[in-house]
1. Being touching a strand residue (DSSP E or B) at 6+ places or on another chain (Cβ under 9 Å), of a type outside the set (A, V, I, L, M) and closer than 22 Å to I48 by Cα narrows it down to one residue among Y194, Y121; which is it?
2. May I ask you to verify whether E176 is within 30 Å of G196 (Cβ to Cβ), without any contact (Cβ under 8 Å) to a residue 60 or more places away in the chain, in a helix (DSSP H, G or I) and among the acidic types (D, E)?
3. May I ask you to say which residue of L160, L156 is in contact with a Ser or Thr (Cβ under 6 Å, 6 or more places away or on another chain), touching a residue at least 12 places away in the same chain (Cβ under 8 Å) and under 17 Å from L17 (Cα atoms)?
4. Can we say L131 is touching a helix residue (DSSP H, G or I) at 6+ places or on another chain (Cβ under 8 Å) and not β-branched (V, I, T)?
5. In segment 163-186, which residue that is of a type in the set (G, A, S) and open to solvent by 50 Å² or more (accessible area, probe 1.4 Å) is farthest from L18 (Cα to Cα)?
6. Give K157, K134 a once-over and let me know the one that is touching a strand residue (DSSP E or B) at 6+ places or on another chain (Cβ under 7 Å), open to solvent by 40 Å² or more (accessible area, probe 1.4 Å), at pLDDT 90 or above and not polar (S, T, N, Q).
7. Search segment 177-210 for residues being farther than 22 Å from I45 by Cβ and polar (S, T, N, Q), and hand back the single one that is nearest to the chain's Cα centre (by Cα).
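The values are calculated or read from the model by the stated rules, or taken from the named source; none is laboratory data. Given the structure is predicted, the values throughout are model-derived calculations rather than measurements. In this analysis, Cβ positions are derived from the backbone assuming ideal geometry, glycine residues included, and neighbour counts consider all displayed protein chains. Quick note on the areas: whole protein, heavy atoms, side chains included, nothing else; ligands and nucleic acids left out. Shrake-Rupley method; radii C 1.70, N 1.55, O 1.52, S 1.80 Å.
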Amino acid sequence: MSLRELIHQFKWQTLTLLKCCLLQPKMLFFGSRCDRLCMVQFAFISLIPGLLHNLRDCADPDLNSYETKLAQPTSLQSSNRRSLLSFMGLPLQIFGKGSFLWSLYAAQQLDILADFGTKSYLVGSTNSLLLQQKDRYSDILINLDEDTVIITSPSLKSALALTAADRRWIDFLTHEVNETWEEANPSRPSTMQYVGSEEFIRSQFEVYIIRLIASVKFHNFLVASADGPKPMRVSTIRPSISAWTGLVPGCAMM
């Protein structure tokens, strides 16, 4: 599924579901069409830079090889995209110990969803019987047949609330997609321009996530410095992080 189709369908909820992936709850996608069910899940995963190519541990909650090989970067080339992503900790380890991804789960694997060692997952199902037990097997249910998103966890609902800056940002993307929408070719803007294209949307989400991580890193730095030496004044370091944190003040919720 193209990202244009994803935003056209989910609108502002696209950002809500992306934040949900980052928070790692128990996400359940339901739909009667297997192809669409799988495409929607992988479209959301592709919004997190590098994750789609680093799913080696996603098949089982006991797998955790990615984390054991992690090493903190010691250098940064700001002009090199790969170096920047690595320095910011990307790709994020969304499916590590206690987590997994099954785009289409089998009924005989249902016991793993409720296992004590299972902390989070992203799974897809065509079995309508699971809808009757959504409170047990999911924190959030995305019903593709009815185009509904049901958050069953009160704490998750609070964490996923979009800020005013979030809404302005995702509404801008939604507007650009809808203004250039062409039913005969939904994956390409009718204007044939960069704004509103697949590459434009992907780059916007990449910058959003980098700014989100930068805000968290800066917050952690201030907390760690609270009882130690007096930290630098914010005004003295603002130029170095403004490119990452300027547009998404609400992302510090992570």
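1. Details: Y194 fails: touching a strand residue (DSSP E or B) at 6+ places or on another chain (Cβ under 9 Å).
After applying the criteria, what remains is Y121.
2. Considered against the rule, which asks whether it is within 30 Å of G196 (Cβ to Cβ), without any contact (Cβ under 8 Å) to a residue 60 or more places away in the chain, in a helix (DSSP H, G or I) and among the acidic types (D, E), E176 comes out as yes.
3. Just one listed residue meets the conditions, L160.
4. It is false that L131 is touching a helix residue (DSSP H, G or I) at 6+ places or on another chain (Cβ under 8 Å) and not β-branched (V, I, T).
5. Among those residues, the one meeting the criterion is A184.
6. It is K157.
7. Only one residue tops the list, namely N178.
Every residue, every condition in (1) modelled with pLDDT under 90; (2) more than 23 Å from T152 (Cβ to Cβ); (3) under 15 Å from the mean Cα position of the chain (by Cα); (4) among the hydroxyl-bearing types (S, T, Y), yes or no:
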| position | (1), (2), (3), (4) |
| --- | --- |
| R4 | no, yes, no, no |
| W12 | no, no, yes, no |
| G31 | no, no, no, no |
| G50 | no, yes, yes, no |
